[in-house]
Every structure is written in C-alpha cells, then in structure tokens.
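Trainee: Let me give you the structure first, and then I'll get to my questions.
The values are calculated or read from the model by the stated rules, or taken from the named source; none is laboratory data. These numbers were taken from a predicted model, which means no experiment stands behind them. Positions of Cβ are backbone-derived with ideal geometry, glycine not excepted, and every protein chain shown enters the neighbour counts. What goes into the accessible areas is simple: the full protein's heavy atoms, side chains included, and nothing from ligands, DNA or RNA. Shrake-Rupley method; radii C 1.70, N 1.55, O 1.52, S 1.80 Å.
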Amino acid sequence: MKLNIALLAGDGIGPEVIDQAVKVSDKIAEKFGHDISWTPALTGAAAIDAVGEPYPDSTHAICEAADAVLFGAIGHPRFDNDPSAKVRPEQGLLKMRQKLGLFANVRPTFTFPSLIDKSPLKRERIEGTDLVFLRELTSGVYFGERGRKDDGNIAFDTMTYTREEIQRLAKKGFELAMTRSKRLCCVDKANVLESSRLWRETVQAMEKEYPEVTVSYEFVDAVAMRLVQWPSDYDVLITENLFGDILTDEASVISGSMGLMPSASVGTDNKLYEPIHGSYPQAAGKDIANPLATVLSAAMMFEDFGLTAEAKAIRDVVNKSLAEGVVTEDLADGAKAYKTSEVGDWLAGNI
Ligand code: IPM
Ligand code: MN
C-alpha cells in the first residue's frame with residue numbers, strides 16, 4: 001500500500017517520540033512491502049515561533065492532503081503561566097481538530113501482562129481491563145461561547161451540543177460496541193446539565209437501532225470512581241469533550257504509565273493518531289521519554305488502513321520490549337533505563 005502521512009512532531013518530547021514511531025513504521029513498511037512517504041509540518045509552539053500561529057494554513061493543507069496524520073505533542077511552559085498570552089500552542093491543537101473535523105477521539109485503555117504490577121492500582125482490580133473511550137472532540141465547552149463580563153470580573157464558558165453532534169459520536173460508539181462485547185456506557189451529568197439530558201435522550205432514541213447492544217447511563221462523577229474501582233466492568237464509553245479529557249487521563253493510570261496509551265481522532269474525511277500524553281517539557285531533548293504511546297498510535301493507524309498483521313506486529317514487539325525490560329526510565333523501576341532512541345532502535349530491530 002502507498003501511504004502519504006503528515007508528520008506533526010510538535011513541541012517538547014514530540015519530535016523524539018515521533019522519530020521512534022517513524023523508525024518502527026518504516027521497518028513495518030519494509031517487511032510488509034508498503035511505501036510510506038512522510039511529510040513533516042509545523043505545529044504548536046514551534047509553529048508560533050516560525051510563523052506566528054500554532055496551526056498554519058500550510059500545515060492544514062498538508063494534513064488534508066495526507067492519508068493520515070501522525071502527531072506528537074503540543075504545549076510549552078512559557079505559555080502556561082501567562083494568562084495574557086494572545087496565542088497558545090493548544091489553540092493549534094483545537095483548531096486542527098475542528099478544521100479536520102476530527103469529532104471522535106478513540107482512547108483505549110488496556111493492561112500489559114508484564115506491567116500489571118507497575119500500576120498504582122491493585123492487580124485484582126485491573127486485570128482484564130480492556131475499555132475504549134470515545135470522547136467527543138470538536139464541540140462542548142471547548143468550543144462553546146466564552147468570554148468575560150463586568151469589567152473582566154465574570155468569566156463564562158458554555159457547554160453546547162447539537163443532537164446531530166451527539167448522534168454521530170454515539171453512532172461510532174454503538175458500532176464499536178458491536179465489534180466488541182456489546183456494552184456501551186453513556187457518561188453524562190444528566191441530573192444537572194441540560195446538554196447531558198440531550199445526550200441521554202439522543203442515545204436512548206438510538207438504542208432500538210442496535211438491539212444487541214446493552215446501554216447503561218452513568219453520571220460522570222460515579223464513573224470517575226468506578227473506573228479505578230472496577231475498570232474491567234467497562235467496554236465502550238461515550239462522553240462529551242471535557243468529561244472525556246478528564247476521564248481518559250484517569251484511565252491511563254490503569255495501564256501503569258501515561259507514556260503507554262495511544263489514541264486516534266477520526267471524522268468523516270481525516271484521521272489523526274497521537275499519544276494521549278502531553279509535551280512533557282521537563283524531558284524535552286533528553287532522550288528519556290517513553291515512545292511507546294506514539295509507536296502504538298502508529299499501530300492504530302495501520303489497523304485503520306486494514307493492515308491488521310502490521311498493527312499486530314507492532315503490538316507484539318512492544319509487548320516483547322516490555323517483557324524483556326527494554327524500557328525508558330518511567331518503567332525501569334531501578335533496573336537499566338534505555339534511552340528513547342534505544343527503545344526505538346530495539347523495536348525496529350526486532351520486527
Ligand atoms: C488532550 C489534551 C488537550 C485537550 C489539551 C492539550 C488542549 O489534554 O488531548 O487530552 O484538553 O484536549
Ligand atoms: Mn487531556
């Protein structure tokens with residue numbers, strides 16, 4: 001297969017982890033006879049420095065023309081503590097999601113047999129966890145009306161959803177549940193929020209189209225608790241943007257390290273793959289960040305192109321590296337810590 005992939009390394013550890021995903025993907029392409037061409041493009045703080053905005057039109061054009069986008073991370077501390085900053089790297093990420101129409105963020109959470117005891121949660125709680133969040137990504141409070149009133153003394157952000165936005169996300173949730181254990185949980189706050197009541201009403205109305213799927217409706221606060229108590233009870237969870245942002249960080253703890261969880265953001269025309277972790281600026285340039293979330297994001301990309309054996313080859317080699325202790329310092333636990341680039345070399349060498 002011929003694949004044209006836009007490569008958005010971004011900020012912080014982004015470039016380092018992206019390099020490893022490229023190494024691994026190129027090796028896969030060589031072994032399985034594919035032809036991948038990578039087109040790099042600027043985003044985040046790096047793009048602000050170069051052209052004054054975090055998601056330039058030139059980058060958007062490259063992403064739109066590509067078969068998929070592989071994305072590193074965005075964010076730089078020099079913007080974080082400056083509430084008056086006019087442009088922020090994160091705006092680039094939001095603009096990119098919206099302009100590419102990436103309305104569904106697929107965030108799986110699973111455990112690795114060799115890492116079960118690395119999780120701060122007890123083995124018996126997390127064993128067998130295999131769940132997927134579908135987080136709505138282009139609406140809600142992230143994109144609703146916001147502003148200041150009363151000479152800046154009142155601030156507001158609005159959570160707005162249309163029925164259609166909920167339907168298209170929920171449809172993906174039902175379809176995904178059909179390929180898995182046919183359980184779908186709609187996470188909302190329908191006891192308080194009107195937008196959540198529209199979620200519930202919309203999803204309830206769709207149930208009859210998917211009679212085999214068992215749907216549960218749970219409040220987000222209760223899910224936050226049950227997620228660390230009995231994560232293996234869940235299969236597919238659908239939720240709005242901000243709830244999904246928070247719960248997926250929480251869920252990543254189950255796997256043992258934030259450096260492990262991949263994600264895909266998909267819409268009607270475009271697909272983007274990225275680790276769920278951030279730019280981890282303290283580690284930038286040190287060659288110590290865990291590249292596995294990005295490598296596993298590349299596996300999700302191959303999977304979505306229908307290249308199942310290729311995706312499996314990546315997951316297998318990642319499992320092998322974990323089992324053999326070829327890991328970065330976040331997982332080394334006193335034993336030898338490998339560099340980011342060494343892990344990448346090892347993975348490519350063992351495919
Ligand atoms: C994520 C991140 C982003 C978000 C930030 C960087 C804007 O936390 O992808 O989860 O909140 O969506
Ligand atoms: Mn987040």
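Trainee: Might you let me know whether segment 215-237 holds any residue that is of a type in the set (Ser, Thr, Tyr), in contact with a strand residue (DSSP E or B) (Cβ under 6 Å, 6 or more places away or on another chain) and open to solvent by 20 Å² or more (accessible area, probe 1.4 Å)?
Mentor: Yes: segment 215-237 contains one or more residues that are of a type in the set (Ser, Thr, Tyr), in contact with a strand residue (DSSP E or B) (Cβ under 6 Å, 6 or more places away or on another chain) and open to solvent by 20 Å² or more (accessible area, probe 1.4 Å).
Trainee: Related question: With the checklist (1) out of contact with any Phe, Trp or Tyr (no Cβ under 8 Å at 6 or more places or on another chain); (2) modelled with pLDDT of 95 or more in hand, flag the one item GLY334 doesn't pass.
Mentor: That leaves (2) as the condition not met.
Trainee: State whether one or more residues within segment 6-26 are in the same structural domain as LEU347 (by TED's automatic domain parsing), farther than 28 Å from ASP333 by Cα, of a type in the set (A, V, I, L, M, F, W, C) and open to solvent by 40 Å² or more (accessible area, probe 1.4 Å).
Mentor: no
Trainee: Continuing with this model, one more query. From the list THR179, THR202, THR160, which residue is among the hydroxyl-bearing types (Ser, Thr, Tyr) and either farther than 27 Å from ASP130 by Cα or not assigned by TED's automatic domain parsing to the domain that holds ASP221 (or both)?
Mentor: On inspection, the qualifying residue turns out to be THR160.
Trainee: Take the residues of segment 158-173 that are of a type in the set (A, V, I, L, M, F, W, C) and either in a helix (DSSP H, G or I) or in contact with a His (Cβ under 9 Å, 6 or more places away or on another chain) (or both): which is farthest from PRO231 (Cα to Cα)?
Mentor: Of everything passing the filter in segment 158-173, ILE166 is farthest from PRO231 (Cα to Cα).
Trainee: I need the full set of residues from segment 140-157 which are part of a strand (DSSP E or B) and open to solvent by 60 Å² or more (accessible area, probe 1.4 Å), in order please.
Mentor: ARG146, ARG148, LYS149, ILE154, ALA155, PHE156, ASP157
Trainee: Next up: If I ask for residues that are open to solvent by 10 Å² or more (accessible area, probe 1.4 Å) and in a strand (DSSP E or B), which ones from segment 174-211 would you list?
Mentor: Selection gives ARG183 alone.
Trainee: Which strands (runs of 3 or more DSSP E) does segment 1-79 wholly contain that include 2 or more residues that are touching a residue at least 60 places away in the same chain (Cβ under 8 Å), of a type outside the set (Gly, Ala, Ser) and farther than 26 Å from LYS339 by Cβ?
Mentor: In segment 1-79, the matching strands (runs of 3 or more DSSP E) lie at 2-10.
Conditions (1) within 16 Å of ligand 2 (Cβ to nearest atom); (2) open to solvent by 10 Å² or more (accessible area, probe 1.4 Å); (3) in contact (Cβ under 8 Å) with a residue 12 or more places away in the chain, marked per residue:
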site: THR248; (1), (2), (3): yes, no, yes
site: ALA251; (1), (2), (3): yes, no, yes
site: GLY256; (1), (2), (3): no, yes, yes
site: PRO262; (1), (2), (3): yes, no, yes
site: GLY267; (1), (2), (3): no, yes, yes
site: ASN270; (1), (2), (3): no, yes, yes
site: TYR280; (1), (2), (3): yes, yes, yes
site: MET300; (1), (2), (3): no, yes, yes
site: ALA311; (1), (2), (3): no, no, yes
